[in-house]
Amino acid sequence: MHRTITFMALPALASTLSLLACDKTQDLYGGLIPDGNETASDPISVSSDETTDETSTETSSQTSLPSTASESHSATQEESSETQATQSDTSSSPQDTGSAPDFEDADSDGWVGHEDMDCNDSDASVNPAAPEVPGNGIDDDCDGKIDETGNADTQGCDGQEFAIEVLPTNLMVLLDMSSSMVTAPPTPTKWEQARAALVTLLSQWDSEINFGLDIFPDDGDCGVSKAVTADVAPGNATNIIHYLNGASPYGTTPLCMALRKMSDTSYAKGLWSGNAASYLVLVSDGTDTCGGTAGICQGKGLFGSTTPSVQQLKDRTTDLVKVGVSTFVIGFGDGVDPIQLNAIAGMGGTMFNTYLDASNQTELKDALASIATTIASCTFELKDPSASSDPDKVNFFFDGAPVPYDPGCKSGNGWDWTDATHTAITFCKNACEQLTTGSVSHISAEFGCDQVAS
């Protein structure tokens, strides 16, 4: 690549040499070459030509020469005049003699406008030193390629880009309505605070998330519903809010059996309907006090009781993941059981692998908003089915920088598949925050190169 200053200087150099050259011809870069009457071994001396020309002129004005000499001298003078005329034309029009073209730097980016240099001299952000910006449809670095990622972490592999788009989202709220939710203190009760936080969530996100609601218990004891309270559906906020305004908590806490019910695909059919990512958010203020079916939600449990074991809670959560439902967990109030709730959250398949602790209405509202933001803005569908034919050859980029694969979102800095079908991905907590805070202007995806791992 030639910088501007090199080519701007050449015409001036050529003009200077042309004034000295007399009967010598300029080459492309202002150098002198023989005029055809000299051999390659003849020295080319500008000063000797000038001296000869001046001596000849002085002799003709002072001395009469023989006719033959006069004719010869006259011919020489005519040749000299023609040479000077040609030389004058050359000085005024250097482009006619093959001198270097005078390229411009119209956008003042330090690169001259030329197809081999600055490929767009009207845009200072486009030049050979500019970084390539994937997805803008522009050859930013003038290398003849548009929107390549240029990612060093894929070791020069030329992956094939494919489209992704935000995936529609289903969210079922599984709400603990045991009698402890209305026990005072606090005032307002945990139920009143939880209801207000849920109304805020439903009102703010109804156009972006398909909501559903299920409760436990449903009989004032340890029973769970035979039919879902409000199945997942678009525009469902009004129906759910109406239910919440008329409901009153009562009974105990059949937490494990409520989870077990949600993994039955015939129970809440709306949760699996349509091309959407499906999630469950469990909100509970206590611990499972009911147990359930032996081998499913009943075992040694805590303190030798018949309540479910930690492993059974993990297994029930894994059952949900297997049918494509990822689970978030919020512990509300100071009576939660961290061991049980973390057993569920750790197997939930989300970027929050521990439960979110909320001690009051504001914290519960914030926790719900964090979940909604994540699933509504950070879950993407792969639009090209062949892209995930080899899940180990898929990569994603934020403004050209690779986002690492982060199984289970353990580091929180990368992305993970939403399920085993490998048709959708979720950006984990920290990566998701980059999206939701507006610090990322472009997301791109490619397949065919070794996966960048966290």
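No value in this document is a laboratory result; all are computed from the given coordinates. Nothing here was measured: the structure is a model prediction, and the numbers come from that model. Using ideal geometry, Cβ is built from the backbone for each residue, glycine included, and neighbour counts are taken over all protein chains shown.
Given 0.36 nm per residue, what is the gain on full extension from THR436 to ILE296 after removing their alpha carbon distance, in nm?
Length gained, THR436 through ILE296: 46.5 nm.
Please list the non-local residues whose amide H lies under 5 Å from the amide H of VAL126, H modeled 1.01 Å from N, same-chain partners needing a gap of 5 or more.
Those qualifying (amide H under 5 Å, at least 5 residues apart or on another chain) number zero.
Using a basic spin-label model with each label point 7 Å from the Cα along Cα→Cβ, how many nm lie between ALA369 and HIS422?
3.8
Per-residue HN-Hα couplings for segment 252-258, Karplus 6.51 cos²θ - 1.76 cosθ + 1.60 at θ = phi - 60°, whole Hz, x for Gly and Pro?
Coupling constants for segment 252-258: 9, 10, x, 4, 5, 5, 5 Hz.
Taking R0 as 41 Å, what's the FRET efficiency between SER225 and LYS410 from their Cβ-Cβ distance, rounded to 0.05?
0.75
Once R0 is set to 35 Å, what does the formula 1/(1 + (r/R0)^6) return for the Cβ-Cβ distance between ALA453 and VAL323, expressed as a FRET efficiency to the nearest 0.05?
Given R0 = 35 Å and the Cβ-Cβ separation, E is 0.80.
In nm, to one decimal, how far is the ALA184 label point from the ALA124 one, both placed 7 Å along Cα→Cβ?
Inter-label distance under the simple model: 6.8 nm.
Going by amide H atoms built from the backbone, whose H comes under 5 Å of the H on VAL112, apart from near neighbours?
So VAL112 has HN proximity to THR4, ASP118.
Starting from 0 in steps of 5 Å, tell me what percent of the Cα-Cα pairs of segment 379-447 lands in each bin.
So the P(r) values, bin by bin, are 3, 18, 31, 27, 15, 5, 0.
Long-range amide H contacts for GLY400: which residues qualify at under 5 Å (H placed 1.01 Å from N, peptide plane, sequence gap of 5 or more or a different chain)?
It is SER444, by chain and number.
Can you list the HN-Hα couplings for segment 171-181, worked out from phi with the Karplus curve (6.51, -1.76, 1.60; θ = phi - 60°), rounded to whole Hz and with x for Gly and Pro?
Karplus values, whole Hz, x for Gly and Pro: 9, 9, 8, 9, 10, 6, 10, 6, 5, 5, 6.
Spin-label point model (7 Å from Cα, Cβ direction): what's the ASP143 to ASN245 distance in nm?
6.0
What list of ³J(HN,Hα) couplings, whole Hz, do you get for segment 434-440 from phi and the Karplus terms 6.51, -1.76, 1.60, once you set θ to phi - 60° and write x for glycine and proline?
My calculation for segment 434-440 gives 4, 5, 6, 8, x, 7, 10 Hz in order.
Computed FRET efficiency, Cβ-Cβ of ASN360 and SER207, R0 35 Å: what is it to the nearest 0.05?
0.80
Suppose we look only past 23 Å in the calculated P(r) of segment 166-372. What percent of the Cα-Cα pairs does that tail hold?
Here the long-distance tail beyond 23 Å is 38 percent of all Cα pairs in segment 166-372.
Can you tally the net charge around PRO391? Count Lys and Arg as +1, Asp and Glu as -1, for every other residue whose Cβ sits under 13 Å from the Cβ of PRO391.
-4
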